[in-house]
Amino acid sequence: MDTGSTTPATAVIVVAAGSGQRLGYGMPKARVPLGGEPILMHALRGIVASGVAAQVCVALPEGDRALREMCDDFRTELVDGGPLLTLVDGGASRAESVRAAMAVLESGTQAVLVHDAARALTPESVFHRVVDALAAGAKAVIPVMPVVDTVKTVEPTAGDGIAIAPELVTGTAPRETLRSVQTPQGFDLATLRRAHEAAAGFDADQAAAVTDDAMLVELLGVPVHAVRGASQSLKITTPLDLIIAEGLLEGPLGARWVEG
């Protein structure tokens with residue numbers, strides 16, 4: 001981490017309230033096994049190993065006793081040091097889960113990282129890059145990766161074309177300016193709170209259009225900076241994602257093999 005800047009007192013919010021339906025395990029995604037341990041445990045161990053957080057607040061599926069007990073067991077591993085571990089019930093949406101977690105952050109917290117439990121293998125270096133950018137003065141910073149696929153914009157096919165294909169290409173996005181966004185996303189806490197307060201008045205369509213916290217901050221007109229992410233930070237959403245994550249764990253250098 002950059003020792004030339006003052007690192008703000010930082011908390012990490014872990015969003016772990018997802019249903020995991022697309023994984024097909026019949027349980028919340030955070031409980032799905034990965035390399036013999038639940039996905040959430042891999043995420044928590046990575047955060048603690050990075051050393052960036054004074055507090056880790058996990059937003060869990062409401063009423064999930066198994067995950068709460070799991071986190072309580074993990075808390076006993078931190079008795080000799082490590083961040084404060086706090087648990088809250090998540091909401092029906094990502095934004096509600098983040099707001100519930102922000103409400104219980106410790107007094108004196110200056111910065112917050114919002115992290116998906118599903119990005120369970122995020123390398124420690126990504127956490128450091130995000131925190132270093134906050135220490136250097138960013139109000140919002142996200143880890144990103146270049147887009148390697150060609151990306152097209154489309155619209156629904158109309159008229160006789162419907163018989164050919166459901167969509168029609170309307171253009172090709174300039175790939176060199178596109179980035180795939182990951183977590184943890186880092187924010188000045190006051191800025192993120194202000195962004196969520198502004199979003200409280202959104203109607204259903206506006207709320208549905210917001211896919212991450214950085215979008216809320218963008219809507220305030222606050223600059224969002226980007227740092228390098230990592231290929232290991234894939235979001236485990238489908239069975240194929242889980243197979244890839246298992247492969248990363250079984251690789252020669254383990255879960256957090258170094259990238260750049």
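If you go through the stretch 41-58 and pick out every residue that is in a strand (DSSP E or B) and closer than 13 Å to Val112 by Cβ, you end up with 3. Within the stretch 101-119, the set of residues being out of contact with any Pro (no Cβ under 8 Å at 6 or more places or on another chain) and open to solvent by 50 Å² or more (accessible area, probe 1.4 Å) comprises Ala103, Val104, Glu106, Ser107, Gly108.
Do you know which of the residues in the stretch 120-160 that are acidic (Asp, Glu) and over 20 Å from the mean Cα position of the chain (by Cα) is surrounded by the most Cβ atoms within 10 Å (Cβ to Cβ)?
Only one residue fits best here, namely Glu155.
The set of residues from the stretch 99-113 being among the aliphatic types (A, V, I, L, M) and part of a helix (DSSP H, G or I) comprises Ala100, Ala101, Met102.
Any idea which residue in the stretch 76-90 is farthest from Ala118 (Cα to Cα), counting only those that are part of a loop (DSSP other than H, G, I, E, B) and open to solvent by less than 30 Å² (accessible area, probe 1.4 Å)? That would be Leu78.
Quick check on the stretch 38-52. Is at least one of its residues at pLDDT 95 or above, touching a Pro at 6+ places or on another chain (Cβ under 7 Å), surrounded by 24 or more Cβ atoms within 10 Å (Cβ to Cβ) and more than 15 Å from Ile236 (Cβ to Cβ)? Scanning the stretch 38-52, I find no residue that is at pLDDT 95 or above, touching a Pro at 6+ places or on another chain (Cβ under 7 Å), surrounded by 24 or more Cβ atoms within 10 Å (Cβ to Cβ) and more than 15 Å from Ile236 (Cβ to Cβ), so the answer is no. Taken over the stretch 180-210, the criterion of being part of a loop (DSSP other than H, G, I, E, B) and farther than 15 Å from His115 by Cα is satisfied by Ala200, Gly201, Phe202, Asp203, Val210. Regarding Ala165, is this residue of a type outside the set (Val, Ile, Thr), within 30 Å of Val112 (Cβ to Cβ) and open to solvent by less than 80 Å² (accessible area, probe 1.4 Å)? Here the answer is no, as Ala165 does not meet what is asked. Please go through the stretch 53-75 and give me each residue that is closer than 14 Å to Ile13 by Cα and open to solvent by 60 Å² or more (accessible area, probe 1.4 Å), ordered by number. The one that is closer than 14 Å to Ile13 by Cα and open to solvent by 60 Å² or more (accessible area, probe 1.4 Å): Ala54.
The values are calculated or read from the model by the stated rules, or taken from the named source; none is laboratory data. This is a predicted model, so every value here is computed, not measured. Positions of Cβ are backbone-derived with ideal geometry, glycine not excepted, and every protein chain shown enters the neighbour counts. All accessible areas refer to the heavy atoms of the entire protein, side chains included, with ligands and DNA or RNA removed. Shrake-Rupley method; radii C 1.70, N 1.55, O 1.52, S 1.80 Å.
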